[in-house]
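Take a look at the structure set out below.
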Amino acid sequence: METKKSRSKAVPKQRRPGGRNAEVRDAVRRATLDLLSSEGFDAVTLPAVARRAGVNKTTVYRSWASPAELLEDALAELEALALPDIDTGSFESDVAAFVASRLKLIREPHATAILRAVVGAGEPHPALYAWVETFWKPRQREWRSPIERAIERGELLPSAREVPLVEMVAGPLLLAQLATRRRVTRPEVETIAAILVAGVRARHGAPPPRISPPRPRSPRARPNDAARD
């Protein structure tokens, strides 16, 4: 007769790819974001993160040499929302998708808490400066933004690269989320995207390609006409 114990042996517990090591790294990243959002940058130390994650300190020290490395690794989890890879085929729909992605980032609980802490701190923490310089700026330079893709497609002039798209999108969303604490609606997202597209096109839109008129066809000499000559 098959017992409960034998059934549990027959069906091994499923682990995520990477096994125990991946689970520990995920726990440490979550603990880092939890500490950062609840207690601020100064609270993110290797021993504190280890306690929060429920792992041994030596486990953390083996994988991360400093709190700065921990922060970079944890904040990288938000990169896909911050700098999404968007290519829908047109500038208008790219910008609309980017606004929606940035709104999703701002609503992410850890990101919201971090933004509130940064905005309320007055002078940004040195760890934030270090992260911006070593992590954010290089990735933003490499990011193929909706503007860059529109230039490649011939929709915008190269001068459009001067447009601070990230800041222009984030501004109204941050004001609504952090200052007034109200939920941005779908029609408002569409309005923000439409205004941005119209403004960028008005200043940096590429002229439509010139289509040359068809050349008039020269009359061909007919064989009979040549014979009569």
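Can you say whether GLY54 is at positive phi, assigned by TED's automatic domain parsing to the domain that holds LEU173 and at pLDDT 85 or above, as far as the supplied structure shows?
In short, no.
Which of (1) exposed (fewer than 15 other Cβ atoms within 10 Å of the Cβ); (2) at pLDDT below 80; (3) not aromatic (Phe, Trp, Tyr) is the odd one out, the single condition ALA113 does not satisfy?
Against the list (1) exposed (fewer than 15 other Cβ atoms within 10 Å of the Cβ); (2) at pLDDT below 80; (3) not aromatic (Phe, Trp, Tyr), ALA113 comes up short only on (1).
I'd like to check something: does the stretch 26-34 contain any residue that is surrounded by fewer than 16 Cβ atoms within 10 Å (Cβ to Cβ), farther than 23 Å from ILE114 by Cβ and modelled with pLDDT of 80 or more?
No, there is no match, as no residue in the stretch 26-34 is surrounded by fewer than 16 Cβ atoms within 10 Å (Cβ to Cβ), farther than 23 Å from ILE114 by Cβ and modelled with pLDDT of 80 or more.
Under 9 Å by Cβ, and 6 or more places apart or on different chains, what pairs join a residue from the stretch 52-68 that is closer than 17 Å to ARG30 by Cβ with one that is of a type outside the set (Phe, Trp, Tyr) and in a loop (DSSP other than H, G, I, E, B)?
The qualifying pairs are PRO67/VAL44; PRO67/THR45.
Being in contact with a helix residue (DSSP H, G or I) (Cβ under 6 Å, 6 or more places away or on another chain), surrounded by fewer than 18 Cβ atoms within 10 Å (Cβ to Cβ) and part of a helix (DSSP H, G or I), is that true of even one residue in the stretch 80-94?
Yes, the conditions are met somewhere in the stretch 80-94.
State which residue pairs qualify: first residue over 13 Å from ALA111 (Cβ atoms) and inside the stretch 27-38, second residue outside any helix (DSSP H, G or I) in any location, beta carbons under 7 Å apart, and separation of 6 or more residues or different chains.
ALA27/GLY54; ALA27/VAL55; VAL28/VAL55; THR32/VAL44; LEU35/VAL44
The values are calculated or read from the model by the stated rules, or taken from the named source; none is laboratory data. Note that the structure is a prediction, hence the values are computed from the model and not measured. FYI the Cβ positions are ideal-geometry reconstructions off the backbone, even for glycines, and counts take in every protein chain you see.
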